[in-house]
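Beneath this line is the structure, given in structure tokens, with notes to follow.
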Protein chains: 2
Amino acid sequence: MHPDWIVEHLRVRIDRKSAETLSRQLYRLLREAIRSAQLRSGTALPATRQLASALALGRNTVLAAYDQLLAEGYLDSKQGSGTFVSSIFEHHRAQQTPPRAHASLSRRGEALAAVSKLPVGLHGAFAPGMPEIRQFPHELWQRLQQQHARSSPPDWWHYQQEGGLRQLREAIADYAQLSRSVRCGADQVLVLQGAQQAMELTARLLADQGDTAWMEDPGYSGAQAAFMAAGMDITPVSVDEQGLNPQTAPAGSQPRLIYITPSHQYPSGVVMTLERRLQLLQLAEEKDCWIMEDDYDSEFRYDTQPLASLQGLASSERVIYLGTFSKVMYPALRLAYLIVPEALVDSFRSAYARLYREGGYALQSALAAFMEQGHFARHIRRMRELYRIRQQLLRHTLRQQLGDSLPLSSGEAGMHLVAKLPAHIDDDSLSRHAAEHGLWLRPLSRHYLGDHSQPGLVLGYAGVDDADIPESSRKLARLLERHQP
Amino acid sequence: MHPDWIVEHLRVRIDRKSAETLSRQLYRLLREAIRSAQLRSGTALPATRQLASALALGRNTVLAAYDQLLAEGYLDSKQGSGTFVSSIFEHHRAQQTPPRAHASLSRRGEALAAVSKLPVGLHGAFAPGMPEIRQFPHELWQRLQQQHARSSPPDWWHYQQEGGLRQLREAIADYAQLSRSVRCGADQVLVLQGAQQAMELTARLLADQGDTAWMEDPGYSGAQAAFMAAGMDITPVSVDEQGLNPQTAPAGSQPRLIYITPSHQYPSGVVMTLERRLQLLQLAEEKDCWIMEDDYDSEFRYDTQPLASLQGLASSERVIYLGTFSKVMYPALRLAYLIVPEALVDSFRSAYARLYREGGYALQSALAAFMEQGHFARHIRRMRELYRIRQQLLRHTLRQQLGDSLPLSSGEAGMHLVAKLPAHIDDDSLSRHAAEHGLWLRPLSRHYLGDHSQPGLVLGYAGVDDADIPESSRKLARLLERHQP
């Protein structure tokens, strides 16, 4: 490009009304011209004074653009003889291999991306795991967050390695001791950004690539994804009316980690019996393995108090206890906690700080106050009463509509019911069909990890407005009738 | 225990002034007596009416405690003949294996826990990577957070799968395009909880266990920890004055991922030349591998505008661009972003939602407003001027104190300088010694991943008050003099 043409090229493209500075525009236009070979290697650029006057720009504007292009290697400056387009691009273009069709995910990436996708907008009837957000004390909670954000000491803005804010760890330890009979001090508590992170951290610290995780079958696919991502092999172990039954595990299977939901098995709702709990603790000693107790929704028992944790039974130190605030506060809060044996505290803290970094202390401080001031317990009590009524309402209206043809899981607990369907019904296609009618039905068969699977529906009721339950139940009944072969 | 003794055992232990409810106390005391075999299998418990009257408690109090113990399996109830201690514990005690000495971390866990621990309380002279928190517009930022928390629509409280809040992704895309010449639309942006998470997600989606990551040597140990945790093998590739030099990689080494900090190499400060950038892009095509561009602090260039990203050069789609808000806002914010090729957007979004879950939308919304309203750019401008002055001040006072005996890295950029030390000085012991004097000196040798290492110090200045820099420099000079052999 002849120097005159450079000036012309720039003149027609510079936009004096743009939000982009003139200097930035000049830089960008020259860079593009060099990259596209409109300005070829070795071309002499106009002197800055000359270009500035030709384009009616300040000389500093042109200088800044040239400096940036020099710094980035697009231009070379030769002492005394001016500024030239560098030869780098020319040289590179001559050698270039054409890009391949497309670069791809790894095998692990393909597997992770394929694990059943979460549908978006998961609330309303009958999305499982969704608490009642509308009755959360939003104003109070925001006021607390504001107070605690305002009083942030400087330490809260930096990196830390404390396993979470001390006040929150203390509030959690008190709560877990009192309401779940977990044996722990505040030092054993580690605050994390959600249960998924907690599962992965645990799997990576306690298990190696290729080690085996026993999982309840049917079970929680979020845990499956986390253990897979940590390189573990999953061995499904079936759940009977006492909970996970180790007798049905493949002979000789040597687990490194046993993942269980003993207070309220997900999704079946079974409570693990005391006998089975003791058996599992014994087995963990014999097999030298770890137990991860996921106590995701045990706040919500409607017949008794929340059941004592398995962790609290153990005389040994083989249980990692996991609790979450997603169900008792709200999912987008992204706060969960681990309670780990004392011997593991240092390793968990330092690996957490290293792999994930701590943060969000103002939020943690607000949550500690929310707990200490009794709002947390009060909200749980209110939601317990609400969810109890919603469960009854769902049972009642489904029985009215469908009689005994849709058997529901028993148990006065939790945030969902399981409805078993006859073997010939494809719950996956039913669920897709229902979604078109604005009804979220999570297929039970998707929760099976092994060969056997049972069709059914996981029906969340906790986040469904009382007024919606009858109408949505009717909708479900109509869908089921139409889905009879 | 005779029934009378049960009553006596409970009477002396029940505390009517305790915050714990009487029913809960009763439950706990009976449970402990059963677990410790003071109450043996088969023992008949007093009838509820009888126990209530003997302890002067309400009958419902006793009923609730018995119900809980029945639900948890500690008691059996035989129709017509009363309530008995279950035989489960007795049975279990007879079989029990004594606990092993201690259960342990996995090999991977040991390695992760051992990766050099971050010291706690990392601020003040000369902690690297720490921005100036005191001059952050805290009040404004809190006001924005409050506004956006108040106006939260219900969707923000639930699980999502959008790659982060749309408004924030748009603000980030605008910013990255304009200030880094990244080529992207808002859909390609994925908002995450910190750079560590971003590195791990990328490594797991794009690489398999045992695949090789090329890392700059010296380099960033946080990235090393993330790639190790994702099961990758690290191959250190040395950095020369043009940046990572692929010619020095072991012959035949086949990377799956090349991790680079081209705008401002960490820790050396080298800017990768245009020639080297093009060479690496070419190499990624030839070797069918991915490039991860970590642009952690390129906002802070003092001679030119921030340098254009390597991502913006690529005609192929092999670059994953990583940016963080830890340096330009504050570390505890825990927000970072990836900009990924369009072909990968769906996989990254669904794997992210699956493995980590999204959340914190009110915060994301506040940050989007902070950016849109110009506060972000203004804060960066102010900090750029401040850090430039602090860098000059640090150079100046160290030269005054130590003359040419402490050669400092060149480059008008970033938040730290590197000081090389003579080969006979042990920077690790110097650093430990300095910590006792309240001076944070990160040893350069710790950043080397391969066999060769160079002693030195990574001196952060961005977060150090101007007034502290001269005094801390004098302290450093005295320490160095005493450390001469």
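Couple of notes before you dig in:
- Pair list, Cβ < 8 Å and 6+ apart or interchain, from region B:146-167 residues that are aromatic (Phe, Trp, Tyr) to residues that are at pLDDT below 85 and open to solvent by 30 Å² or more (accessible area, probe 1.4 Å): B:TYR159/A:LEU118
- Each residue in region B:177-189 was checked for being within 14 Å of chain A (Cβ to nearest Cβ) and touching a residue at least 12 places away in the same chain (Cβ under 8 Å), and 5 of them qualify.
- Count - residues of region A:460-478 that are surrounded by fewer than 16 Cβ atoms within 10 Å (Cβ to Cβ) and not charged (D, E, K, R): 1
- Residue within region B:126-136 that is open to solvent by 70 Å² or more (accessible area, probe 1.4 Å), over 20 Å from B:ALA186 (Cβ atoms) and part of a helix (DSSP H, G or I) present: no
- Region A:318-350, residues that are in contact with a Phe, Trp or Tyr (Cβ under 7 Å, 6 or more places away or on another chain) and small (Gly, Ala, Ser): A:GLY323, A:ALA332, A:ALA336
- Failed criterion for A:ALA362 (all others in (1) open to solvent by less than 10 Å² (accessible area, probe 1.4 Å); (2) farther than 19 Å from A:MET130 by Cβ; (3) in the same structural domain as A:GLU170 (by TED's automatic domain parsing) hold): (1)
- Boolean, B:LEU476 is outside any loop (DSSP other than H, G, I, E, B) and either within 16 Å of B:TYR387 (Cβ to Cβ) or in contact (Cβ under 8 Å) with a residue 12 or more places away in the chain (or both): yes
Let's see how each residue does on (1) open to solvent by 20 Å² or more (accessible area, probe 1.4 Å); (2) in contact with a Phe, Trp or Tyr (Cβ under 8 Å, 6 or more places away or on another chain); (3) farther than 30 Å from B:THR248 by Cα:
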site	(1), (2), (3)
B:HIS379	no, yes, yes
B:GLN392	yes, no, yes
B:ARG395	yes, no, yes
B:LEU408	yes, no, no
B:ALA423	yes, no, no
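- Every pair of residues 6+ apart whose Cβ atoms lie under 7 Å, when the first sits in region A:46-65 and is within 14 Å of A:GLN25 (Cα to Cα) while the second is open to solvent by 50 Å² or more (accessible area, probe 1.4 Å): A:ALA52/A:ARG59; A:LEU55/A:ARG11; A:LEU57/A:LEU22; A:THR61/A:LEU22
- Helices (runs of 4 or more DSSP H) lying entirely in region A:1-61 (those with 2 or more residues that are closer than 22 Å to B:LEU178 by Cβ and at pLDDT 85 or above): A:3-13, A:22-35
- Filter result for A:LEU457 (in the same structural domain as A:PRO407 (by TED's automatic domain parsing), under 26 Å from A:MET215 (Cα atoms) and open to solvent by less than 10 Å² (accessible area, probe 1.4 Å)): yes
- Residue check, B:ALA336 at pLDDT 95 or above, within 12 Å of chain A (Cβ to nearest Cβ) and open to solvent by less than 10 Å² (accessible area, probe 1.4 Å): yes
- Any chance A:LEU344 is modelled with pLDDT under 90 and either part of a helix (DSSP H, G or I) or touching a Lys or Arg at 6+ places or on another chain (Cβ under 7 Å) (or both): no
- Within region A:280-300, the residues that satisfy the criterion of being within 8 Å of chain B (Cβ to nearest Cβ) and either open to solvent by 10 Å² or more (accessible area, probe 1.4 Å) or among the aliphatic types (A, V, I, L, M) (or both) are A:GLN282, A:GLU285, A:GLU286, A:ASP288.
- Residue that is farthest from B:ARG442 (Cα to Cα) [pool: residues in region B:171-220 that are of a type in the set (Asp, Glu) and not in a helix (DSSP H, G or I)]: B:ASP208
- Residue under evaluation A:LEU168, criteria (1) part of a loop (DSSP other than H, G, I, E, B); (2) more than 11 Å from chain B (Cβ to nearest Cβ), criterion not met: (1)
- Residue count for region B:308-321, restricted to those that are touching a residue at least 60 places away in the same chain (Cβ under 8 Å), buried (at least 24 other Cβ atoms within 10 Å of the Cβ) and of a type outside the set (S, T, N, Q): 3
- Scanning region A:177-220 for residues that are basic (Lys, Arg) and open to solvent by 10 Å² or more (accessible area, probe 1.4 Å) gives a single hit, A:ARG183.
- Options A:THR273, A:THR324, A:THR304: the member that is within 26 Å of B:GLN193 (Cβ to Cβ), open to solvent by 10 Å² or more (accessible area, probe 1.4 Å) and within 12 Å of another protein chain (Cβ to nearest Cβ): A:THR324
- Qualifying residues in region A:347-359 (those that are of a type outside the set (Lys, Arg) and farther than 12 Å from A:GLY163 by Cβ) - the one modelled with the lowest pLDDT: A:GLY359
- Residue among B:GLY374, B:GLY403 that is away from every other protein chain (no Cβ under 14 Å), small (Gly, Ala, Ser) and surrounded by fewer than 23 Cβ atoms within 10 Å (Cβ to Cβ): B:GLY403
- Filtered residues of region A:65-92 (kept if open to solvent by 40 Å² or more (accessible area, probe 1.4 Å) and at the interface with chain B (Cβ under 7 Å from one of its Cβ atoms)): A:ASP67, A:ALA71
- Check on B:SER429, closer than 22 Å to B:TYR302 by Cβ and outside the structural domain of B:ASP174 (by TED's automatic domain parsing): no
- Residues of region A:137-173 classified as among the basic types (Lys, Arg) and either open to solvent by less than 40 Å² (accessible area, probe 1.4 Å) or within 12 Å of A:GLN364 (Cα to Cα) (or both), total: 2
- Top-ranked residue in region A:1-41 [being touching a residue at least 40 places away in the same chain (Cβ under 8 Å) and touching a His at 6+ places or on another chain (Cβ under 8 Å); ranked as nearest to A:LEU55 (Cα to Cα)]: A:MET1
- Test result for A:LEU257, surrounded by fewer than 24 Cβ atoms within 10 Å (Cβ to Cβ) and within 14 Å of chain B (Cβ to nearest Cβ): no
The values are calculated or read from the model by the stated rules, or taken from the named source; none is laboratory data. Keep in mind the model is a prediction, meaning the values are calculated, not measured. We place every Cβ from the backbone using ideal geometry, glycine too, and count neighbours over all the protein chains shown. Surface accessibility is based on the protein's heavy atoms, side chains included, excluding ligands, DNA and RNA. Shrake-Rupley method; radii C 1.70, N 1.55, O 1.52, S 1.80 Å.
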